[in-house]
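What follows is a set of notes on a single structure, which appears directly below.
We did not get these values from a lab; they are worked out from the coordinates using the rules stated. Everything numeric in this text was worked out from a predicted model, so none of it was measured. Reconstructed Cβ throughout: ideal geometry from the backbone, glycine too, with neighbour counts over all protein chains shown.
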Amino acid sequence: MRGRHQVNLESLNLFVLAAKLGSISKAANEMNIALAAASRRIKNLEEYYGARLFDRTGRGVEATSAGRVLLDHAHHVFRRLDIATRDLVDYASGLIGTVKLHACTSAIAQFLPEDLSRFAATYPDTRVDLREAYTGNIVSLIREGLADVGIVMAGTITDGLDTVPYKEDRLAIVAPSNFREGIDRMQFADLHDESFVVLEDNASMTRLLQSVATTTGMPLQIRAQVDSFDGVCRMVQSGFGIGILPVIAARNLAYSLGLRLIDLDETWALRKFAICTNPHFPATLAMRRIVEFLGQKNKSTDNL
């Protein structure tokens with residue numbers, strides 16, 4: 001290292017923000033400091049580390065190889081500070097820690113609430129901050145250290161992350177009561193003439209159906225897209241087509257709307273969930289507790 005300047009958190013935060021925004025001026029504006037002062041802070045960092053941290057381009061700035069190394073370490077620094085802040089606030093409240101848990105819709109709609117209720121009873125001094133998100137987004141948040149623990153659909157690319165099996169569910173066809181009367185089990189190919197009501201494109205369910213349709217060469221005729229299981233069932237009730245949803249999540253709602261569930265006779269209709277964490281970030285006691293607790297709940301869901 002060279003130079004007489006010292007690294008402080010504000011300068012490090014400015015560097016991280018500039019790398020994220022691709023602009024020192026935008027970072028300075030967001031942090032409410034003068035551009036000249038921001039540029040001087042970046043220059044001081046470069047002098048301290050003896051390396052150029054940004055390449056200037058016509059569009060702004062891009063982190064150099066050295067800059068990317070510092071960016072990775074900076075994320076770790078701020079991650080540790082965030083954990084320290086949360087833990088100390090929790091201790092003041094009589095808790096031992098908070099876990100930022102992000103989970104996919106299917107897990108929240110089916111079995112996670114009950115498991116978290118049991119977890120809270122077992123560990124009343126641990127708080128869980130639960131957020132719902134798409135599986136792909138959850139993996140990104142875990143990689144970036146913005147979430148502690150994620151529950152995602154197994155099969156998602158999680159290279160570099162630690163995963164533990166969680167649970168399984170089964171998909172079924174949601175259809176009007178008079179749909180294919182007398183038939184209780186169908187294959188996906190049997191639905192080639194049907195219109196579908198599906199979730200948004202980012203939903204793992206929709207991506208699965210699109211993948212299966214591509215693999216089998218069967219066009220997926222999407223007539224409506226909604227953002228919830230409830231929306232799928234209500235659109236099916238209104239005659240927009242059929243849907244494919246997890247049995248547990250759809251059962252009560254489907255029956256209350258006069259719909260029927262038909263078994264989907266496909267190997268891919270049995271889905272697995274996984275708990276994921278980032279081994280590059282330190283695991284707190286609260287994180288270890290919830291991963292171990294939920295990992296013990298990884299038996300297949302009964303009565304699908």
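What to note about this one:
- Angle of helix 285-295 to the longest C-alpha principal axis of the chain, folded into 0 to 90 degrees and rounded to 10: 20°.
- Percentage relative contact order, the chain, counting C-alpha pairs under 8 Å, at least six apart: 20 percent
- Test item: Cα-centred dipole of the chain, Lys/Arg +1 and Asp/Glu -1 on Cβ, debye: 1140 debye
- Calculated Rg and Dmax of region 168-270 using C-alpha coordinates, Å: 12.2, 35
- Contact order relative to length of region 168-270, as percent, for alpha carbon pairs under 8 angstrom and 6 or more apart: 49 percent
- Between Ser177, Ser25, Ser106, the residue with the greatest mean-square fluctuation in the GNM of the chain (Cα pairs under 10 Å linked by springs) is Ser25.
- Cα-based helix-to-principal-axis angle, 9-21 vs the chain, degrees rounded to 10: 50 degrees
- GNM flexibility winner over the chain from Ala103, Ala121, Ala34 (Cα, springs under 10 Å): Ala34
- Sites Leu81 and Asp230, calculated FRET efficiency, Cβ-Cβ separation with R0 30 Å, nearest 0.05: 0.15
- Within the chain, antiparallel bridges make up roughly 55 percent of the DSSP beta bridges whose residues both belong there.
- Under a Gaussian network description of the chain, with springs only between Cα atoms under 10 Å, the residue in Met153, Met218, Met31 that fluctuates furthest is Met31.
- Between helix 35-49 and the chain there is an angle of about 80 degrees, using the helix long axis and the longest principal axis of the Cα atoms.
- Given Lys26/Lys100; Lys20/Lys100; Lys100/Lys272; Lys100/Lys167, the pairs whose alpha carbons are separated by over 24 Å: Lys26/Lys100
- Taking the square roots of 5 times each eigenvalue of the Cα gyration tensor of the chain, largest first, gives ellipsoid semi-axes of 46, 25, 16 Å.
- As a calculated quantity, the FRET efficiency between Asp265 and Arg127 at R0 = 45 Å, using C-beta atoms, amounts to about 0.60.
- Per principal axis, descending, Cα span of region 9-74 in whole Å: 26, 26, 18
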